[in-house]
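Taking it in order: structure first as structure tokens, then the write-up.
Just so it is clear, none of the values below were taken in a lab; they were calculated from the coordinates. Being a predicted model, the structure only gives us computed values, none of them experimental. In this analysis, Cβ positions are derived from the backbone assuming ideal geometry, glycine residues included, and neighbour counts consider all displayed protein chains.
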Amino acid sequence: MAVFFNPLFVVMLLVLSFIYWRFIKSEQHQLYFLSGFSLMMLFFIQPYFVPVLLGICYVIWLIKEQQSSGRMQITNVIILTVLLALVILAIGKYGKVLISSMYGGVSWVDNLIIPLGISYLVMRIVQFIFDCVRGLIVQPSFIKFLTFVVFLPTFPAGPVETFNGFFEKRLIRTPNQEFFAWSLQRIIYGYFKKIAVVDFFYPEAFGHILQKVAKSNVDQLGTFDPFFFAVVIFTKAYFDLSAYTDLAIGFSGLFGVRVMENFDRPFVKKNLSEFWRGWHISLSSWCRNNVFFPIYGMTRNSWIAMYCSMIVMGLWHYVDLSWLAWGVHHATGLVFLIFWGEYIRKNKWAKRILNTSYFNRISYVLTFCYVAVGYAFVGTNDFHKGFELYVSCVKFPVMYLLNGLGL
């Protein structure tokens, strides 16, 4: 994320935006400029990574060429792409840790190539190949593909557009003062969320509960503390992620590139399905298109497809038990919704009651609480402690109800 918080890089982006609009006129030259400056700035951040990135792009392009020419079967294309993506992800996220554990704190380990934005890179290249296989991308040029993959404002933290979505939305060909002002406004929003809310307000307002949970055993905490902790982690995650989305959208807009929104009022959704249509939209859309639908097509079982999709989404963040449990938590809620929807359709009396304003208000609260409770798993670095926090969060409303009933 250094590109957004290094003053020199921010000034460079503003200067490059001026050069882009003032001197670069043809669409082909614009593509060369966007990919060129993105690679240049990535080189300043991680010089060892740029040759690797270009190598990855070249290999993916060769796979695409083999597929489009019919020299490689579709099944082999998919298997090879997935294996390559897993290798890239494993080396990028866990290579340095592995080498450090084997050789200790030697100086050369610090220079190990650790790709910036590796998770989003993997999602882009997999999406590109899968869309080529589906016939959604017709005769792309390499420079378009390269621009799609390396475009700097969205490279570190998304949002993850599809290839077609990226270029179909890139509609600003001439300077537009209104769009430029809107882009600057999004940049200001992003910096405010990150600096004022995430980095200042949350530590000042909620630092005590975070430290209390970190330093205490779960059985030493108050009844409400685990749930409050989960809510803090959940809401902080929103402001943190949405801040980077604002910055990505804003800086993209400086170059006339419209990228998708990644959040749509996720705190006010009446069920978990609606929540995932408003939370990390690019990630949930990617998993729906590339995990849920293919697996559902093979198994015709929405349960299996849902669990696979949410587990992939969890492990995409990090491969450990905490994020695995987080994915299972969300998958279980979504599977329950499938049953719940079928039950309501078969019982008109239940549908009439649940459509009342009273139950609608309750559903908003329940959805927020359910999502927040899942963050108990990932709020600490210890799975066992996270599990104990999760159990305490689940027990809290039951104990509160029993105490209210005098039981």
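Calculated from DSSP H runs of 4 or more alone, at -39500 (n - 2.57) each and per residue, what is the 222 nm mean residue ellipticity of the chain, nearest 500? Numbers along the way, then the final one.
On the way: 19 runs with 287 residues, N = 407.
Mean residue ellipticity, 222 nm, calculated: -23000 deg cm²/dmol.
Cross-link reach is defined here as a Cα-Cα straight distance under 23 Å, omitting same-chain residues fewer than 8 places apart; for LYS215 the lysines meeting it are LYS236, LYS385, LYS395.
Helix 49-68 axis versus longest C-alpha principal axis of the chain: approximately 90°, rounded to the nearest ten.
Placing a pseudo-label 7 Å from each Cα along the Cα-to-Cβ vector at GLN28 and VAL15 gives an inter-label distance of 2.9 nm. Placing a pseudo-label 7 Å from each Cα along the Cα-to-Cβ vector at ARG345 and ASP219 gives an inter-label distance of 4.7 nm. Sequence-distant contacts, meaning Cα pairs under 8 Å at least 6 residues apart, place the relative contact order of the chain at 15 percent.
With the charge dipole of the chain set up from +1 on Lys and Arg Cβ and -1 on Asp and Glu Cβ about the Cα centre, the Cα lying farthest toward the positive end among the listed residues GLY333, ILE249, TYR375 is that of GLY333. For MET72, the shell of other residues with beta-carbons less than 14 Å away shows a net charge of +1, using +1 for Lys and Arg and -1 for Asp and Glu. Taking other C-beta atoms within 10 Å as the exposure proxy, THR154, THR147 rank THR147, THR154 from fewest upward. Annotation for PHE192 and PHE44: the two label points, set 7 Å from Cα along the Cα-Cβ direction, are 2.8 nm apart. Straight-line reach from LYS93: taking Cα to Cα under 15 Å and skipping same-chain neighbours fewer than 8 places apart, the aspartates and glutamates in range are ASP110, ASP320.
Taking Cβ atoms as reference points and 13 Å as the exclusive limit, the residues near ALA325 contribute a net charge of -2, counting Lys and Arg as +1 and Asp and Glu as -1.
Computed from the C-beta positions of TRP303 and SER363, the FRET efficiency with R₀ = 35 Å rounds to 0.95. Using R0 = 45 Å, the C-beta based FRET efficiency linking ALA205 and ASN176 works out to 0.70.
With a sphere of radius 13 Å drawn around the Cβ of SER363, what net charge do the other residues whose Cβ falls strictly inside it have (Lys, Arg +1; Asp, Glu -1)? Walk me through the numbers on the way to the answer.
Numbers: positive: LYS269, LYS270, ARG361; negative: GLU274.
Result for the local shell: +2.
One equal scatterer on each Cα of the chain, no solvent, Debye formula: the resulting log10 I(q)/I(0) at q = 0.07, 0.08 Å⁻¹ is -0.39, -0.51.
Sorting ARG71, ARG277 from the fewest to the most surrounding beta carbons within 10 angstrom yields ARG71, ARG277.
Rank these for me by crowding, PHE293, PHE155, going from fewest to most other beta carbons within 10 Å.
Values: PHE293 13, PHE155 22.
Fewest-to-most ranking of PHE293, PHE155: PHE293, PHE155.
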